[in-house]
Amino acid sequence: MPPQDETTVFVKFWGVRGSIATDGEEIMATGGNTACVEIRCGSHLLLFDAGTGLRKAGRSLAGEGIKAFNLFLSHSHYDHVIGLPFFAPLFDPEAQCAIWSGHTMGAMKTQALIDALLNPLFFPAGAGMFRAQVKYRDFIAGDVISPAPAIRIATARLDHPGGVTGYRIEFDGRTVAYLTDTGVRSDEARQACLRLADQADLVIYDCMYTEAEASERVEFGHSTWKEGVALCEGARAKRLALFHHAPDRDDGDLAGLEQLARTRFTGAFAARDGMTLTL
């Protein structure tokens, strides 16, 4: 349980992998769950993405007796939403959960996205199985949203097939930028990342590929640690969390990339399942 301070910003990584969850002794230090990050702004609990890491997050939060959540989706690819029907608080009649999305630019509503995910052809029960008080919130990437009076969240459309939203979370003078699943082809997306990361205390950035891999897979919309370092240098950010690790990247490989990133930017580190930070 993080410190119960109304001005504290607490970050916990529940899932740091990309594309598909993985396991094995070779990745035990990093973890194998897909994207899910908890950010507590004082007593307000925010979750970013609903990958397989959301299941463990839900069990922990339910154990704490927490009843109110805001869950923000960067986009709706499987690795970022597959944990949703396994999020324990959604089955608690006393819980309240708002689910937000803006990556479709209004073409599809958040509730329709969740209904499609839980279509009986692909999952045995629909969203009607949830017992919590669930509200579906829509915005357009580029909007500024405020899930609580003291929290300001700027958003922007980044570079990924099907669309993706980047987030800048501001609370009591601290800033976290959540920038996953963004590629390197779009100058507009690069500028959006710079705006969202401007002087941030922490930038969580998609570093799925090496430079060699990225040059061969530009159509998949992912980035590299070098791009993350350049972003943080340009934005004058303090720390960089390498995130959305490739499923085949083992602990040794990731430690090597982390070391390379630190030679360029001392605030760089590889995000790992269960890692916590207090800002």
Which cross-chain or sequence-distant (5 or more) residues have an amide H under 5 Å from the amide H of residue 100, H modelled 1.01 Å from N in plane? 71, 72, 73, 137
Whose amide H sits under 5 Å from the amide H of residue 68, counting only residues 5 or more places off or on another chain, with H placed in the peptide plane? 96
Can you list the residues, at least 5 places off or on another chain, whose amide H is less than 5 Å from the amide H of residue 141, using H built in the peptide plane? 105
For the chain, whose charge dipole is built from +1 on Lys and Arg Cβ atoms and -1 on Asp and Glu Cβ atoms, the candidate among 28, 42, 128 with its Cα farthest towards the positive end is 42
Take the Cβ-Cβ distance between residue 29 and residue 233 as r, set R0 to 22 Å, and report the resulting FRET efficiency rounded to the nearest 0.05. 0.20
Using alpha carbon centers only, segment 72-102 is separated from segment 185-263 by a whole-angstrom value of 25
Place a point 7 Å from the Cα of residue 216 in the direction of its beta carbon; the residues of segment 170-208 whose amide N falls under 16 Å from it are 208
Going from the fewest other Cβ atoms within 10 Å to the most, one would list 263, 34 as 263, 34
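Compare the peptides 94-103, 59-68, 109-118 by average per-residue count of other Cβ atoms within 10 angstrom and give them in order, highest first.
Most protected by this proxy first, the peptides run 94-103, 109-118, 59-68.
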Rounded to whole Hz, the Karplus (6.51, -1.76, 1.60) HN-Hα couplings of segment 174-184, x for glycine and proline: 10, 9, 10, 10, 10, 10, 10, 6, 10, x, 10
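Taken together, the values in this text are just the output of simple stated rules run on the coordinates, not laboratory data. In this text the structure is predicted, and so the values were computed from the model without any measurement. Every residue, glycine as well, gets a Cβ built from its backbone with ideal geometry; the counts of neighbours run over all protein chains shown.
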